[in-house]
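To start, the structure under review is shown below, and the notes come after it.
The values are calculated or read from the model by the stated rules, or taken from the named source; none is laboratory data. As the structure is a computational prediction, the values presented were derived from the model and not from experiment. Here the Cβ is made from the backbone with ideal geometry for all residues, glycine too, and neighbour counts use every protein chain on show. Remember, those area values only see protein heavy atoms, side chains included, never the ligands or the DNA or RNA. Shrake-Rupley method; radii C 1.70, N 1.55, O 1.52, S 1.80 Å.
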Amino acid sequence: MPQRKQNFIEGAAVLTLAVAVTKVIGAVYKIPLGNLLDKDGMAHFYVAYNIYSLLLIVSTAGLPLAMSRLVSQAEAMGRVNQRRRIFRVTTGLFLLLGLACCGVMLFFAEPLAQLLNDSQAAPAIRVLAPAVFCVCMLSAIRGYTQGRGDMRPTAVSQIIESACKLVVGLTAAWLLVRQGAAPNECAAGAISGVTVGAAVGLLVLTVWLLRARRGKRGTDTPESRRDILQQVLRIGIPVTLGSVGMSLITLLDQALVLGTLQSSLGLSESAAASLYGEYTFGMTLFALPASFMYPLSISLVPSISAAMVRNDPRQAGKNAAAALKLAMVAALPVGVGLSVLAGSILRLLYPAVPETAAAAAYHLRVLGIASVFVCLMIVTSGILQAYGRERIPVLTLLVGGGVKIAANYLLVTDPAISIRGAPIGTLLCYAVIALLNLVAIAVTVPNRPKIGSSALKLALTTAAMAATAYCAHGLLGKFVGGSLATALSILLAAAVYGILLFSLEVVRREEIRQLPKGEKLAKFLFKS
């Protein structure tokens with residue numbers, strides 16, 4: 001079936017719009033969930049979810065990227081049969097990995113929970129097991145469509161997946177809380193929405209695939225299955241190791257923090273989980289800016305790969321530069337804004353648990369700045385992977401992970417710092433990774449991306465936005481309620497940021513034109 005190609009910016013815009021919708025849905029899911037479960041239930045929720053994330057990354061981090069790159073190369077050369085064989089070989093690999101990881105979570109739930117010093121998380125881990133398999137198969141189809149330059153199936157399935165998660169998860173949690181169920185049972189009910197959402201998303205994409213794969217066979221002779229498998233593994237394994245390294249570091253961080261609070265500071269398992277639960281309230285918002293970076297990274301890899309196949313390094317460099325700029329344009333205001341208004345935002349979102357919201361404010365102030373470095377890490381890793389430098393992000397992740405673990409040992413074990421050392425370790429970890437990635441790009445990438453004076457203008461714009469948010473909230477708080485003051489100051493700061501962004505031409509007319517319907521948008525924003 002013929003399809004219209006999307007350029008890099010269009011593909012990123014489609015996925016970013018989908019992420020925006022799914023994040024709104026996710027906020028409607030997780031914020032009421034925090035008010036329902038409080039810090040104890042949310043601690044069990046995140047212990048299970050972090051294990052799920054690790055096994056999910058083992059299954060899906062590198063292989064979809066490898067498939068996307070190989071499919072985009074085959075597509076650029078018009079090799080239809082090669083493209084289809086790549087899909088079949090990689091899908092078989094996803095099937096085996098999905099079944100294996102599902103089995104690990106299903107049959108080893110109790111040992112995994114005990115390993116992370118939270119034995120009460122076992123029911124939630126077991127409920128999540130089928131989701132790993134479903135997302136593995138989802139990733140196979142998404143990698144194929146992204147490699148062909150079509151981001152719409154991924155976008156639609158993500159929205160459907162999130163909507164199902166919201167309805168099922170919140171309903172189950174609400175019913176269990178009303179029945180007076182234990183916090184770990186309520187966490188398992190809440191997390192069941194993730195499994196149902198993944199299953200429905202897989203069903204939708206399977207139907208789309210069956211309809212879209214109709215078409216004429218190609219005349220090319222595809223490579224052998226063995227050769228394709230070797231290529232997929234050669235590209236995918238380094239990327240997977242890098243991604244697994246970060247998730248493994250997160251799990252180790254979680255286990256070390258919970259274990260240190262119990263062993264060094266003498267807290268009980270429930271008391272340690274309660275403190276860790278406060279930290280997770282900050283982590284929920286910390287993850288928000290990073291989620292908007294993955295669309296850039298996903299769209300970036302096939303676009304750079306296709307440009308390099310066409311022997312067009314200049315276009316590859318332009319795409320990489322655009323990704324870096326868009327990443328910082330999106331990440332800086334959100335991350336800095338979360339840091340400046342941390343306490344007010346948490347009180348606004350979690351009115352049912354004000355004590356937990358107040359305790360989490362410190363964590364979010366530090367994590368807001370850390371989220372900027374996470375975004376930079378994601379995009380710079382994507383650039384290195386797209387240029388075939390997959391091993392470099394693995395090494396930088398290991399270095400950053402070592403910094404994180406060392407910081408936790410030094411800070412969390414100090415009774416005067418305790419759980420407050422965890423976000424500091426997170427900030428140091430991602431800052432080191434992002435800076436090392438930037439150095440690697442400068443040294444190893446041909447036609448390396450250049451953003452020039454835009455960086456300074458963006459820094460000034462962000463500083464003006466932060467000052468506006470801080471001053472407006474202090475002033476408005478004297479005349480209106482705290483929640484309204486927070487909402488109005490956020491809107492005012494966003495307006496100042498948007499006005500300066502275009503008046504200082506941080507984002508230029510030609511960059512806007514590359515977006516879907518970009519010509520009309522450029523005429524509206526640049527009327528001269």
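Computed values, structure above
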read-out	value
Pair TRP174, THR219: separation of 7 Å Cα→Cβ label points (nm)	6.0
Computed lengthening from ARG226 to LEU210, 0.36 nm per intervening residue step minus Cα-Cα distance	3.2 nm
Additional length obtainable on full extension of the chain from SER483 to ASP414, 0.36 nm per residue less Cα span	21.3 nm
Accessible-area value, ARG389, 1.4 Å probe, nucleic acids and ligands omitted, Å²	80
Under 20 Å from LYS404, Cα to Cα: aspartates and glutamates that are on another chain or at least 8 residues apart	ASP253, GLU278, ASP414
Accessible area in the full protein assembly, largest first, 1.4 Å probe, for ARG508, ARG85, ARG226	ARG226, ARG508, ARG85
In nm, spacing of pseudo-spin labels at ALA271 and LEU106 (7 Å Cα→C-beta vector)	4.0
Peptides ranked, highest mean first, by Cβ atoms within 10 Å: ranges 494-503, 113-122	113-122, 494-503
Per-residue HN-Hα couplings for the range 465-474 [Karplus 6.51, -1.76, 1.60; θ = phi - 60°; Hz; x = Gly/Pro]	4, 5, 5, 4, 4, 5, 5, 5, 5, x
Simple label model, 7 Å out from Cα along Cβ direction - LEU96 to LEU456, nm	5.5
Gain on full stretching of the segment that runs from ILE31 to LEU252 - 0.36 nm per residue minus C-alpha separation	77.0 nm
For the range 121-138, 3J(HN,Hα) per residue [Karplus equation, 6.51 cos²θ - 1.76 cosθ + 1.60, θ = phi - 60°, Hz, x = Gly/Pro]	7, 4, x, 5, 4, 5, 5, 7, 3, x, 5, 4, 4, 4, 6, 4, 5, 4
The range 164-231 - accessible surface per residue (Å², probe 1.4 Å)	58
